[in-house]
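Step one of this worksheet: look at the structure below.
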Amino acid sequence: MGNRLANATSPYLRQPAENPVDGWGWSPKPLRAAKDQDKPILLSVGYASCHWCHVMAHESFENEHVAAYMNEHFINIKVDREERPDIDAIYMRATTAMTGNGGWPMTCILTPDGQPFFTGTYFPPEPRAGHPSFSQILQALVEAWRERRAEVLESAGSITAYLNEATLADPGVLNESTLNKAAADLLAHADKRNGGFGGAPKFPPTMALEFLNRHAARTGNTEAFEVVDRTFETMARSGLNDQLGGGFARYSVDARWDVPHFEKMLYPNPLLPAGYPPWRTSLLQRDHPEQPPFADPITRETAEFLLRELRTPEGGFASGLDADSEGHEGTFYVWNRAQLREVLGDDDGVWAANLLNVTTSGTFERGFSTLQLRTDPDNTERWEAIRAKLFAARAQRIRPDRDDKVVAAWNALAISALAEAGTILNEPAWLEAATRAAELIWATHQAGTPEFARTSLAGTAGNNRATLEDLALVASSYQTLFSLTGNIVWWERATYLLGRIATEFTDPAGGFFDTATSAETLIARPQDFADNASPCGNSAALAAFLTHAAVTGDRASQDQVERVLARFVPLMAGAPRFASWALAQAEAHLAGPMQIAIVGAPGSELHRTALLTAKPGTVTVVGEENTPVALFEQRTRQGGLDTAYVCQNFTCKLPVTDSESLAAQL
């Protein structure tokens, strides 16, 4: 899209830098150009790992004739949705309102003022199944802009007015019946056979499962435990999970999790059973807390995937890996029986094909199969040797491209997951990696910019503002590092970020806007209360303020928690899947909060016992006697030994100095 994008900090914007479309990134210049030239804006929104974004770019934007028409009649702006989620949110809401569905690539035609009057997603280069081609659509829109301008502007004004309307019902009152009803609604839609909820396509419902996990721990609801365990186990054994290299794909196209959409994004993996609490908490709260044989390995494999394939030279974590390589989706990951025999020999090849459900006709496309480990191997040593050979052979294939952009919010999820898993599983390298990524976010995204930046590339901050999601999740990750290490610097940084949220993002009606008061003025100010593939900004902020209140007893933070929860209540009642992370926080809120102060050494037996045994949602902090937070006031070592204080609302049981006594209290 012209040389203007060659130096963008988004690899997605750089990818088409040489195609014939005269393209811009989002900035005041193209908006002024649209007004000066009286041209509508063609806004294309996507992301680097988006398969159909690449297809449409190849079919249409690389076509000389299509590009020439776009250049003559439109101001063409390309946006990376991962870099500018605020822009994406506004125009995706318009797209779903105008067409009934959404997705990427998203194509919107705007007035020079940025008001949408036509929206859609992927458009083919030729007419298909009664649908017009992309060129035909553009020609019709140019004609409408010229001949029916008043009608176009009226339509654009109407949709803009809709975008500025309130999207939530009045706040409600949170109580136990709210959570009980939400859990019952979720369980009614659970797929008891395959795990998850509903049919295809299936996204990993990690936040809903964490809510059910906490709900079951509070109420003893065995059905909720069963759904949690079933879902995590089937996902771990399925094609969604990379059985050779670890790491989970973004979603499955079928109800059994057999066939993933092969892009491997950063943000789902820390939230999956790979990263931490869901596995240990669901299992440890049952009457028989033994772990299935794959639980620890799944955690380890996914952590190693993050470090091996997504870690950047600067110590952050890249956004994701493409689904495509060698011109096809999934080529890097899928196998046929002949390939297995070629690498392993006939005996091991047939054994592996049967174990991994590699069929003669294939479970995917073109005769290939995804790898699934539906049952445990009858010979573990044989499987590990075969797995190593297949992994080494696969490494010789052409790899999918990687989007090296570092997104603050998604890195925060990885920081929290690696830090906690590293502490629990005694892997100090994971904690060290988490700490380095956290330092990168602070030094590059915060201290290195006038305003906190959402993204960076190769150690250079992007020209974009952090959203509520970024600040809240980074604050939570810093709280996690503080709680696991006792280093007060992380707590101070988290508190600073929460102060910025309270000052710059607060909605007087309750909750928060997604953008700061000083951020760029768009046609609407986005505000999202719906959890999707990752926590929305409001539920992320809720979690951070809840932790802050639990550690400090701060009344202002408690007020923020109650005001945000009240705004979520209507969504909790009507669509609990989209309020699942808020529901998980609501469980912790109603439970106490539960708090554990460990006066002693990080990673000690007492500390790890607390992490492994406490109910989900408990805030556990390790530190020295003089740690300057309210939870540690008058907390001292007993007899010179590491000492645990189990508390609820800052009312504590007798201190204990051994793991057995601590486990009994918990």
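The values are calculated or read from the model by the stated rules, or taken from the named source; none is laboratory data. Please read these numbers as outputs of a predicted model, since none were measured by experiment. With ideal geometry, Cβ positions are generated from the backbone for all residues, glycine too; neighbour counts draw on all protein chains shown.
Being in contact with a strand residue (DSSP E or B) (Cβ under 8 Å, 6 or more places away or on another chain), buried (at least 24 other Cβ atoms within 10 Å of the Cβ) and more than 19 Å from SER661 (Cβ to Cβ) is the filter here, so list the residues in segment 590-620 that pass it.
Hit for segment 590-620 is GLY617, nothing else.
Scan ALA550, ALA541 and give me the residue that is more than 24 Å from the chain's Cα centre (by Cα), closer than 14 Å to ALA586 by Cα, buried (at least 24 other Cβ atoms within 10 Å of the Cβ) and touching a residue at least 60 places away in the same chain (Cβ under 8 Å).
ALA550
Report yes if some residue within segment 599-615 is modelled with pLDDT of 95 or more and among the charged types (D, E, K, R); otherwise report no.
no
Can you confirm whether segment 140-154 contains a residue that is touching a residue at least 12 places away in the same chain (Cβ under 8 Å) and touching a His at 6+ places or on another chain (Cβ under 7 Å)?
Yes: segment 140-154 contains one or more residues that are touching a residue at least 12 places away in the same chain (Cβ under 8 Å) and touching a His at 6+ places or on another chain (Cβ under 7 Å).
Is it the case that GLU587 is crowded, with 22+ Cβ neighbours inside 10 Å and either over 21 Å from ALA419 (Cβ atoms) or not hydrophobic (A, V, I, L, M, F, W, C) (or both)?
Yes: the conditions hold for GLU587.
Could you pull out the residue among THR359, THR370 that is over 18 Å from LEU306 (Cβ atoms) and surrounded by fewer than 24 Cβ atoms within 10 Å (Cβ to Cβ)?
Just one listed residue meets the conditions, THR359.
Run GLY23 past the list (1) closer than 12 Å to GLY114 by Cα; (2) crowded, with 24+ Cβ neighbours inside 10 Å and report the number of the one that doesn't hold.
Failing condition for GLY23: (1).
If you scan segment 355-409, which residues turn out to be touching a Gly at 6+ places or on another chain (Cβ under 7 Å) and part of a loop (DSSP other than H, G, I, E, B)?
SER361, PHE364, PHE368, THR370, LEU371, GLN372
Provide a single number: the residues in segment 310-338 that are under 34 Å from the mean Cα position of the chain (by Cα) and either outside any strand (DSSP E or B) or polar (S, T, N, Q) (or both).
Adding up the residues that qualify gives 19.
Give me the pairs: first residue in segment 586-614 and within 18 Å of LEU174 (Cβ to Cβ), second residue among the β-branched types (Val, Ile, Thr) and assigned to a loop (DSSP other than H, G, I, E, B), beta-carbon distance under 6 Å, and six or more apart or on different chains, which are they?
MET594/THR618
For segment 422-445, give me each residue that is in contact with a strand residue (DSSP E or B) (Cβ under 8 Å, 6 or more places away or on another chain) and either of a type outside the set (Val, Ile, Thr) or part of a strand (DSSP E or B) (or both).
ALA433, ALA437, LEU440, HIS445
Is there a residue in segment 60-77 that is of a type in the set (Gly, Ala, Ser), closer than 12 Å to VAL21 by Cβ and within 29 Å of the chain's Cα centre (by Cα)?
No, segment 60-77 contains no residue that is of a type in the set (Gly, Ala, Ser), closer than 12 Å to VAL21 by Cβ and within 29 Å of the chain's Cα centre (by Cα).
What single numbered condition from (1) touching a residue at least 60 places away in the same chain (Cβ under 8 Å); (2) within 27 Å of MET56 (Cβ to Cβ); (3) in contact with a Pro (Cβ under 6 Å, 6 or more places away or on another chain) fails to hold for GLY172?
(2)
Can you name every residue in segment 65-104 that is of a type in the set (Asp, Glu) and without any contact (Cβ under 8 Å) to a residue 60 or more places away in the chain?
GLU72, ASP88
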